[in-house]
Amino acid sequence: MPSGPANRAGSASGEAARGAAQPPGARSPAAGPPAAGSPRAGAILEVRDLSVDYLAGSGAVTAVDRVSFHVDPGEFMGIVGESGCGKSTLLFGIARLLAPPAELSGGCVMFRGANMVGLTDKELAAVRWKDLSVVMQSAMNALNPVTSIRAQFRDAMRAHGVTSRHEIARRSAEVLQMVGIDPVHLDSYPHQLSGGMRQRSMIAMAMLFTPELVIMDEPTSALDVVAQRSLMVQIKELQRQYGFAVIFVTHDMSLISHFSDRLMVMYAGQVAEIGATRRVFESPLHPYSAGLMEAFPSIRGPRAELTGIPGSPPDLARPPQGCRFAPRCPKVMPRCTSEQPGLYRAGGTDVRCFLHEGGAGTAGAGNGGAGDSGGDGGGVAGADSGSRS
Amino acid sequence: MTGLSARRGRQADARSAAGAAGPAAPGTGALLRTEALTKHFKVGTALSRRTLHAADDVSMSIGERQIVALAGESGSGKSTIARLLTRIYKPTSGEIYFQGTPLSSIRSRADRLRYSGLVPMVFQDPFSSINPVFRISHGVLRALALHRPELSRRQRYAEAERVFGVVGLTPAAEVLQRYPHELSGGQRQRVGFAQALAMRPKLIVADEPVSMLDVSIRIGLLNLMARLRDQEGVSILYITHDIASARYVADRLIVMYAGHIAESGPVEEVLAGPRHPYTQLLLSAVPDPRAPLAVGAATDRGEPPKVIDPAPGCRFRWRCPLAIDRCHQVTPELRELLPAHHAACHVARAGAATKAFG
């Protein structure tokens, strides 16, 4: 693993570093095996054709199917999708937290130029918390119930070689203050904190080493709207100050709309659409994203009748032969049921839908290339394996 | 009249207590009405016995064919209200009137059964509220056998098929034969509504029925609730923390905070002109992708209080930017500021809304 701390000097000095947009990946020449082409310039994380299988008795279920995307330094990347669409599995795959029966079955995760997929446990331990931290969905279950917050912070710091008691106490108090909790709560046990405070202390813990990437798996879903809102504002504020990138997974489209820079919509283990958040919200291209936009009522504007999306997501053990959304799609065409669409580039977003096949060229750059593996029987599967820009 | 006493009863004598009050009490068109409903829980050990005020002085009413949304943060007492209305909890004080009959007058098992058939509950978690070892038909047929004993076996099955059709589980005959694990979350929640509907209810108490479902499926259930109101004439108490869905489906909105009702009124009116500062805070926190981002609004970091042995005064006062001296001393009562629009706030006025948040 290329040394972490060396190129992190700028990250703690606040947003000044942001504008410079230093590419950390480029400075780690000893990267893992570059699968195809060079890492995308400047991206802190690049996920390429990542697949995760769950090994079931009756055969493998592909929960994440050749997902590709990248995250730039300081970017807030939102991932939305329904339960079972593979969004949490994807995160676990990126953070290398998968446990059997889940298994990475293909692709690579380039984090700061190094392939996370090849790392040993020891090498991973050096990266975790320090350069990349994960905030789990349920802080109640992620925090150890029988030790104080202070002890849990201490564990994480000791594991990374911080031994000075004074330094540990100072930093623990500092991060807790950063998330708006009085440091007296360092001596509290998780059950003594409210749900919002627990979730905040998880985020504080993730901030101990000011990582470059924080992965969050639905951190607000157990909170009330008011607490949810204030936590989001806080995450955004911390991000502005310290310049880390965020991958934020949620099922709540309306929550993400105001906070993320780019948005990835997942459906049945695949990327359905990926693009700038405002753009996806204002003109969703994939019928599924469009359906999601129409699926939640608003507190303002006219009170219109909504329909949602009839039906339910496919069984991934037996995915539909063609487009996975075809059985629920209002715009389904004959070809959708037999051929798998690739990821096409249309007006700045990448979308997996035949309707946009003839867009401004097929996707190849950045997020694309998801359809270039054989074996899925799709006639167009190879069509979008264009060159990466 | 389809009240408690109108149901076919085997024990006429036992019925008399409930039936004595007759139809709705004069002057109230409400199907169900609560008066100063209060529920306290004892917490702590014998040495430090304290009282948690889960619901205090809750007076509300639900009309016929009406969806009333009860909204609030977790810990605000909304689920306590649901359990009081369905007689899972006994109130500490206060009274619930169903079609004018006080529930405290219900004595016999037959009357209790009749009431739970008229006011059934739909639970939050569709994955744990259906017994996984029986076919789907088990729950609904059992409910029918218990609550509508006049039906024959064949009629019960026909009725089960009918209600499954009403909630959109088709083909009903086939769905009834399945096991719970074969159904999706949305379908299971429809089973919950079908079971409630089989008992020919007047009021369905639905405690966060859609919060565990995916967004793309939620709307279908909200539409189902509206259809049950319009076509089956059922009233629904829709308990939720999602104001947007409350607006979508409900006729009236009740906002609770820390065991008290903060504000109540016609849903559009409350949302267009919230009077209580808490309602304003809640509305400003609701994410709305169709609106431009306004960071800075509602960066309130307060938390709802734990209502243990509370002192008098408004429970929102610690978070309220408008709090005056009176708020610290006197608990505000619900006042009618506009027709049918109530708020429990010393500062709120009938005229232009006093803005605290948003």
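The values are calculated or read from the model by the stated rules, or taken from the named source; none is laboratory data. All values reported here derive from a predicted model rather than from experimental measurement. As a convention, Cβ positions derive from the backbone with ideal geometry for all residues, glycine included, and neighbour counts pool all protein chains shown.
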Any hit, region A:213-227, residues being at pLDDT below 85 and of a type in the set (S, T, N, Q): yes
Residues that are over 17 Å from A:GLU305 (Cα atoms) and either within 14 Å of chain A (Cβ to nearest Cβ) or in contact with a His (Cβ under 6 Å, 6 or more places away or on another chain) (or both), drawn from region B:243-259: B:LEU253, B:VAL255, B:MET256, B:TYR257, B:ALA258, B:GLY259
Those residues of region A:240-282 which are more than 23 Å from A:ALA95 (Cβ to Cβ) and touching a residue at least 24 places away in the same chain (Cβ under 8 Å), in sequence order: A:ARG240, A:GLN241, A:MET253, A:SER254, A:SER257, A:HIS258, A:GLU273, A:GLY275, A:ALA276, A:ARG279, A:VAL280, A:PHE281
Residues that are under 19 Å from B:GLY139 (Cα atoms) and either under 16 Å from the mean Cα position of the chain (by Cα) or crowded, with 18+ Cβ neighbours inside 10 Å (or both), drawn from region B:89-123: B:ARG114, B:TYR115, B:SER116, B:GLY117, B:LEU118, B:VAL119, B:PRO120, B:MET121, B:VAL122, B:PHE123
Residues located in region B:276-285, provided they are more than 9 Å from chain A (Cβ to nearest Cβ) and over 22 Å from the mean Cα position of the chain (by Cα): B:PRO277
Enumeration of residues in region B:163-197 that are over 16 Å from B:LEU222 (Cα atoms), of a type outside the set (S, T, N, Q) and not in a helix (DSSP H, G or I): B:PRO171, B:ARG178, B:TYR179, B:LEU183
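Looking at region B:173-182 only, could you name the residues that are surrounded by fewer than 20 Cβ atoms within 10 Å (Cβ to Cβ) and either under 20 Å from the mean Cα position of the chain (by Cα) or under 16 Å from B:ILE130 (Cβ atoms) (or both)? So that I can check it myself, show each step before the final result.
Within region B:173-182, the first condition is being surrounded by fewer than 20 Cβ atoms within 10 Å (Cβ to Cβ), and the residues that meet it are B:173-174, B:177-179, B:181-182.
Answer for region B:173-182, where residues must be surrounded by fewer than 20 Cβ atoms within 10 Å (Cβ to Cβ) and either under 20 Å from the mean Cα position of the chain (by Cα) or under 16 Å from B:ILE130 (Cβ atoms) (or both): B:GLN177, B:ARG178, B:TYR179, B:HIS181, B:GLU182.
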Any pair with Cβ under 7 angstrom, 6 or more apart, that starts in region B:68-91 at a residue that is of a type in the set (Val, Ile, Thr) and ends at one that is in a loop (DSSP other than H, G, I, E, B): B:VAL68/B:ALA250; B:VAL68/B:ASP251; B:THR80/B:TYR89; B:THR86/B:VAL119
Residue within region A:330-350 that is at pLDDT 85 or above, within 14 Å of chain B (Cβ to nearest Cβ) and under 24 Å from A:THR277 (Cα atoms) present: yes
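Regarding region B:120-132, can at least one residue be identified that is of a type in the set (Phe, Trp, Tyr) and at pLDDT below 90? If you could, list the steps in order and put the result at the bottom.
Here is the first cut: in region B:120-132, the residues of a type in the set (Phe, Trp, Tyr) are B:123, B:127.
Going one step further and asking which of them are at pLDDT below 90, we end up with B:123, B:127.
The answer is yes, given that some residue of region B:120-132 is of a type in the set (Phe, Trp, Tyr) and at pLDDT below 90.
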Tabulated pairs, region A:202-219, first within 18 Å of A:ILE256 (Cβ to Cβ), second part of a helix (DSSP H, G or I) and of a type in the set (S, T, N, Q), C-beta under 7 angstrom, 6+ apart or interchain: A:ASP217/A:SER88; A:PRO219/A:GLN199
Enumerated strands (runs of 3 or more DSSP E) restricted to region A:52-167, each holding at least 3 residues that are of a type outside the set (Lys, Arg), touching a Gly at 6+ places or on another chain (Cβ under 9 Å) and surrounded by 19 or more Cβ atoms within 10 Å (Cβ to Cβ): A:59-71, A:102-111
Criterion violated by B:MET225 - all others in (1) under 20 Å from B:GLY117 (Cα atoms); (2) not in a helix (DSSP H, G or I) satisfied: (2)
Tabulated pairs, region A:308-327, first closer than 14 Å to A:MET266 by Cβ, second among the β-branched types (Val, Ile, Thr) and not in a loop (DSSP other than H, G, I, E, B), C-beta under 6 angstrom, 6+ apart or interchain: A:LEU316/A:VAL61
Matching residues, region B:126-143, being closer than 13 Å to B:PRO180 by Cα and surrounded by fewer than 19 Cβ atoms within 10 Å (Cβ to Cβ): B:PHE127, B:SER128, B:SER129, B:ASN131, B:PRO132, B:VAL133, B:PHE134, B:ARG135, B:HIS138
Residue within region B:198-214 that is over 23 Å from B:PRO132 (Cα atoms), within 14 Å of chain A (Cβ to nearest Cβ) and out of contact with any helix residue (DSSP H, G or I) (no Cβ under 6 Å at 6 or more places or on another chain) present: no
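Taking the conditions exactly as written (within 14 Å of chain B (Cβ to nearest Cβ) and surrounded by 14 or more Cβ atoms within 10 Å (Cβ to Cβ)), does A:GLN177 satisfy them or not? Before you say what the answer is, go through the steps one by one.
Details: within 14 Å of chain B (Cβ to nearest Cβ): yes; surrounded by 14 or more Cβ atoms within 10 Å (Cβ to Cβ): no.
Criteria not met by A:GLN177.
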Every residue from region A:199-214 that is more than 10 Å from chain B (Cβ to nearest Cβ) and more than 16 Å from the chain's Cα centre (by Cα): A:GLN199, A:SER201, A:MET202, A:ALA204, A:MET205, A:MET207, A:LEU208, A:PHE209, A:THR210
Extreme residue, nearest to the other protein chains (Cβ to nearest Cβ), among residues of region B:155-187 that are without any contact (Cβ under 8 Å) to a residue 40 or more places away in the chain and among the charged types (D, E, K, R): B:GLU182
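Any chance region B:3-11 includes a residue that's surrounded by 22 or more Cβ atoms within 10 Å (Cβ to Cβ) and at pLDDT below 90?
Taking region B:3-11 and keeping what is surrounded by 22 or more Cβ atoms within 10 Å (Cβ to Cβ), we get B:4.
Checking the rest, the ones that are also at pLDDT below 90 come to B:4.
The answer is yes, given that some residue of region B:3-11 is surrounded by 22 or more Cβ atoms within 10 Å (Cβ to Cβ) and at pLDDT below 90.
Out of A:ALA142, A:ALA95, report the one residue that is within 30 Å of A:HIS185 (Cβ to Cβ), among the small types (Gly, Ala, Ser) and at pLDDT below 85. Steps first, please.
On the way: A:ALA95 fails: at pLDDT below 85.
Result of the check over A:ALA142, A:ALA95: A:ALA142.
Looking at A:GLY322, A:GLY366, A:GLY291, can you tell me which residue is modelled with pLDDT under 80 and either surrounded by 20 or more Cβ atoms within 10 Å (Cβ to Cβ) or in contact with a strand residue (DSSP E or B) (Cβ under 8 Å, 6 or more places away or on another chain) (or both)?
Values: A:GLY322 fails: modelled with pLDDT under 80; A:GLY291 fails: modelled with pLDDT under 80.
So the residue among A:GLY322, A:GLY366, A:GLY291 that is modelled with pLDDT under 80 and either surrounded by 20 or more Cβ atoms within 10 Å (Cβ to Cβ) or in contact with a strand residue (DSSP E or B) (Cβ under 8 Å, 6 or more places away or on another chain) (or both) is A:GLY366.
Identify all residues within region B:233-275 that are among the hydroxyl-bearing types (Ser, Thr, Tyr) and assigned to a strand (DSSP E or B); write none if there are none.
At the first step, the residues of region B:233-275 found to be among the hydroxyl-bearing types (Ser, Thr, Tyr) are B:235, B:238, B:240, B:245, B:248, B:257, B:264.
Once the filter is applied, which keeps residues that are among the hydroxyl-bearing types (Ser, Thr, Tyr) and assigned to a strand (DSSP E or B), region B:233-275 yields B:SER235, B:TYR238, B:THR240, B:TYR257, B:SER264.
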